[in-house]
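These notes are about the structure you will find just below.
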Amino acid sequence: MNICLNDKIFEIISEVVTSEKVKAFVIGGWVRDCIMKRDHPGKDIDIVVIGSGIGIARKTARRIDPKIKVSVFKNFGTAMFRWKDYEIEFVGARKESYERGSRKPVVEDGTLEDDQMRRDFTINALAISLNKETYGEFLDPFEGTSDLKNRIIRTPLDPDRTFSDDPLRMLRAIRFACQLNFTIKENTFISITKNAERIRIVSQERIIGELNKILMCHHPSTGFILLEKAGLLSIIFPELDNLKGVERKDGKAHKDNFLHSLKVLDNIAKHSENIWLRWAALLHDIAKPVTKKYLPEAGWSFHGHEYIGSKMIPDIFRKLKLPLNEKMKYVQKLIDLHLRPIVLSQEVVTDSAVRRLLFEAGEDIDDLMALCEADITSKNETKKALHLENFRYVRKKLKEIEEKDAVRNFQPPVDGAEIIATFGIKPGREVGIIKNAIREAILDGIIPNEHEAARKLMIKKGKEIGLTPP
Ligand code: CTP
């Protein structure tokens, strides 16, 4: 028994297609991941039917449970339904290119081999028969199994043709190389370089899907380096491409901020699966090119790049079609604050500076510290050890202050409503002045983060601005 068919669903499909006298095969990612023994996060099963994919989808669903809802995409000759953890998609074999996500209807019927040759890569074109007489038989006309073994990404046809059918496949090649730790075959990669401009016709929604997958690889820098080499990065992500290069003046050079950002990203990837933390790592120095200055005395300066960088994020997110919500704000916040722990560790670490950092970073303080540690990419081991030692000290201080003052989730101990009620005033400027004074006093450590102390200060501050309790 073929281990890739070790699931009830294949038995059911087999019964249906055998009794309907049509041929069907499981194909694509399921087969690839099964042979690689790769634990796949989602469980997508692609079934190719020599005949009507839609008809077989309906019949299979009915056999499992008549209540299952089958979604049909008539224009594309596909249908899918969900069952248990699976998302099962049925498609009729086609002569034309397999373009998922394209708006162009593709309907011409073909043989299994026609279908396999119009898929993206040999490793995604492996099929296993589901019919009773040939159950479990491998159909691998393009040597995909051997490419899997040798860890090679290669198109079944002339790559120019495969990429012209669907230019997103250029990004998919790089994403698979990064995700699976494979090498893109030379002529396939040359073709990507040649056809890079064609990526412009692909929708941004599909592009960002691939970029996010690259970002979630174990070693995401591999993907970005390939994107750059292929000439795709400057088209799909010019701001990142702009970080490339080193300038030298009076014998002083700054670091290559592209390579540095990728190193930081790889460092954070070892530490966290949080995609937004990974975006923050990739973009933390995004404003270095626009803030770069050479000062004869001090050398290269990127003054304010953290602030300007955080301001660049909404535009970048909008263009990339990333969400413009609290995830974006989180990325902005981390970029804006990414120098603070370093500055802090270089100065005398006062309680009030630590308290302010905790107040501003709030719940994200641990992610910020992780980002700052990932940001230390110096090759000088002594320097690196010193920075890390300083950070350990900042972390210790953060813990102490947090235990004492609890400012991570700062809620003012006296709120606006209490101020209004105490002085019998209307909401307005005075309320803001008093609230602000209380917050500042707590952050500076002048009063503890407690109600009684805050109330006393409220009365005092009120008096100063001419308010008295009635
Ligand atoms: N496919 C293709 N060209 C594309 C997209 C998909 O030829 N642009 C084919 C491939 O045979 C692929 C199958 O459709 O294996 C399923 O596509 P998809 O679900 O996007 O990818 P998977 O290979 O399943 O991999 P992953 O789930 O990691 O994206």
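The values are calculated or read from the model by the stated rules, or taken from the named source; none is laboratory data. Quick caveat: nothing in here was measured; it's all calculated off a predicted structure. All Cβ positions, even for glycine, are placed from backbone atoms using ideal geometry, and neighbour counts span all protein chains on display.
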Among (1) surrounded by fewer than 16 Cβ atoms within 10 Å (Cβ to Cβ); (2) of a type outside the set (Val, Ile, Thr); (3) in a helix (DSSP H, G or I), the one test that Pro427 misses: (3)
Scan of the stretch 34-63 for residues that are away from the ligand (no atom under 12 Å from the Cβ), more than 21 Å from Ser19 (Cα to Cα) and assigned to a helix (DSSP H, G or I), ordered by number: Ile35
Neighbours by Cβ (under 9 Å, 6+ apart or cross-chain): first from the stretch 388-407, hydroxyl-bearing (Ser, Thr, Tyr); second surrounded by 12 or more Cβ atoms within 10 Å (Cβ to Cβ) and assigned to a loop (DSSP other than H, G, I, E, B): Tyr393/Val349
Output for the stretch 157-179, where each listed residue is more than 10 Å from the ligand (Cβ to nearest atom), over 10 Å from Asn195 (Cβ atoms) and surrounded by fewer than 24 Cβ atoms within 10 Å (Cβ to Cβ): Leu157, Asp158, Arg161, Ala177
First in the stretch 154-165 and within 16 Å of Leu232 (Cβ to Cβ) and without any contact (Cβ under 8 Å) to a residue 40 or more places away in the chain, second anywhere and in a loop (DSSP other than H, G, I, E, B) and basic (Lys, Arg), Cβ under 9 Å, 6 or more apart: Pro159/Lys185
Residue list for the stretch 347-362, restricted to those being farther than 18 Å from Pro448 by Cα and not in a helix (DSSP H, G or I): Glu347, Val348, Val349
Test: residue in the stretch 182-189 that is hydrophobic (A, V, I, L, M, F, W, C), part of a helix (DSSP H, G or I) and within 13 Å of the ligand (Cβ to nearest atom): no
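Residue-by-condition table, conditions (1) surrounded by fewer than 18 Cβ atoms within 10 Å (Cβ to Cβ); (2) over 18 Å from Leu371 (Cβ atoms):
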| site | (1), (2) |
| --- | --- |
| Ala253 | yes, yes |
| Ile268 | no, no |
| Pro289 | yes, yes |
| Trp300 | yes, yes |
| Ile308 | yes, no |
| Pro314 | yes, yes |
| Lys321 | yes, yes |
Residue count, the stretch 31-43 (criterion: closer than 19 Å to Ser14 by Cβ and either in contact with a strand residue (DSSP E or B) (Cβ under 8 Å, 6 or more places away or on another chain) or at pLDDT 95 or above (or both)): 2
Single residue of the stretch 58-111 satisfying the filter (modelled with pLDDT under 85 and charged (D, E, K, R)) that is surrounded by the most Cβ atoms within 10 Å (Cβ to Cβ): Glu99
Per-region count, the stretch 115-160, residues closer than 25 Å to Arg175 by Cα, of a type outside the set (Phe, Trp, Tyr) and either within 28 Å of the chain's Cα centre (by Cα) or part of a helix (DSSP H, G or I) (or both): 23
Among the residues listed as Leu344, Leu324, Leu358, the single one being aliphatic (A, V, I, L, M) and either within 24 Å of Lys244 (Cα to Cα) or in contact with an Asp or Glu (Cβ under 9 Å, 6 or more places away or on another chain) (or both): Leu358
Residue ranges of helices (runs of 4 or more DSSP H) in the stretch 190-246 with at least 3 members free of Cβ contacts under 8 Å to residues at least 60 places away in the same chain and either crowded, with 19+ Cβ neighbours inside 10 Å or within 13 Å of the ligand (Cβ to nearest atom) (or both): 204-215, 221-229
